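Engineer: Handing you a structure now.
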Amino acid sequence: MVGLFSASQPLASLAASAALGAGLPPGLTQEEAEGELLKYVLPLVILVSHGVGWSALYYLIGHRHHLPLGDGLTLHGLRRLRVVRIFGAGMALQVLGVMAALLVPPPEDFDNPVLRFIAYGGWAVALLFLMAVIMAPLLEEALFRGVLLPALRRRLRFVPAALLVTVLFTALHAVQTSGYWPPLLVIALVGYLLAYLREASGSLWPPILFHMGFNFTALLPVLLLGDELPLAVLTWLQASQA
C-alpha cells in the first residue's frame, strides 16, 4: 500500500502534465508553461494519491480483514488524550527546525514546487493548508503508523520496525527537500517520534495530532506573513512539511 501510494504521485503528475499540457496556449515560455501546469497538477496529484491511499486502506481493512476502519487503524482514545500538549509538541519541534534554518541556510538554487505554488495567492495557501495540515497527517499516519508499523511489529522489535518505517517515510518526502539535508533530517526525527507515539499510546491519534501540529507550524507563518519571511525561513518551512 505504501508503494502504491508513493508511486501514484509521480504517475499522476506525469499523466496530469501530459493531459493539461496539450491544452496550453501556444507561445508560452517553458517557465510560463510550468507555472500554468503547476497550478492544476499539484492539487490533482494530491487528490489522486490520497484517493489511491484511502481506497487501499478500505480494501485491506474492510474487505480483507472485515474490520471498521477506526478499529483497524486503532483510532480510539481521543477523549483521554492530552490533545493540546501533543499538538503543541509537534509545533515546538517545527520551531526548533526554523532555528536550524537560520544556522544552515538553503542553497541559492533550491527549487521547491510548493514555493512556486503559494505564489498564486491566498487560495493556493489555503488549499495547501488543507492538504498539509489535515489530509496528509491523516493518510500518512494511517499508512505508516496505522498499518505498516503494526505489521512489522509482528516480526521485529520496536526499534528496527520503527527505523524501517522512518526510512520509508523520509524517502517519501525526499523530493520536496531537493537535496537540502537539514529538513530531511528533521523529517526523519519526526518519523521516529511518530512511531514512538503510536507504540507508547496504542492509538493512532497521538501521531496524527503531533503530525498536524508540526505541519501547522510550517504553514501558519506562510499564511500570515508570506513573502515578508526571510527566504531561508520560507524555504525551510516548505521543505520541512512532513
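The values are calculated or read from the model by the stated rules, or taken from the named source; none is laboratory data. Please read all numbers here as calculations on a predicted model, not as lab measurements. We place every Cβ from the backbone using ideal geometry, glycine too, and count neighbours over all the protein chains shown. Protein only, heavy atoms only, side chains kept; ligands, DNA and RNA dropped before computing areas. Shrake-Rupley method; radii C 1.70, N 1.55, O 1.52, S 1.80 Å.
Engineer: Can you tell me how the chain classifies by the Cα gyration tensor, rounded, prolate or oblate, using a/c under 1.5 as the rounded cut?
Structural biologist: Oblate, since a/c reaches 1.5 and b/c is not below a/b.
Engineer: Right, here's the next one. Mean residue ellipticity at 222 nm from the helices of the chain, using -39,500 (n - 2.57) per DSSP H segment of n ≥ 4 over the full residue count, to the nearest 500 deg cm²/dmol?
Structural biologist: Result for the chain, helices only: -21500 deg cm²/dmol.
Engineer: Can you bin the range 108-230 into rounded, prolate or oblate? Criterion: square roots of the alpha carbon gyration tensor eigenvalues sorted a ≥ b ≥ c, rounded for a/c under 1.5, prolate for a/b above b/c, oblate for the rest.
Structural biologist: Prolate, since a/c reaches 1.5 and a/b exceeds b/c.
Engineer: Just how much of Y192 is accessible, in Å², when a 1.4 Å probe is used and the result is rounded to the nearest 10?
Structural biologist: 70 Å²
Engineer: Could you look at the chain and say what percent of its accessible area is carbon and sulfur, using a 1.4 Å probe and all protein chains?
Structural biologist: So the carbon and sulfur contribution to the accessible surface is 68 percent.
Engineer: Another question, if that's okay. Using only the Cα atoms of the range 153-193, build the gyration tensor, take square roots of its eigenvalues as a ≥ b ≥ c, and label the shape rounded, prolate or oblate: rounded if a/c is under 1.5, else prolate if a/b is larger than b/c, else oblate. Provide the component values of the computation, followed by the final result.
Structural biologist: Values: a/c = 4.04, a/b = 2.44, b/c = 1.65.
Prolate.
Engineer: Size of the dipole of the chain about the Cα centre, Lys and Arg at +1 and Asp and Glu at -1 on the beta carbon, nothing else charged, in debye to 20?
Structural biologist: The calculation lands at about 1480 debye.
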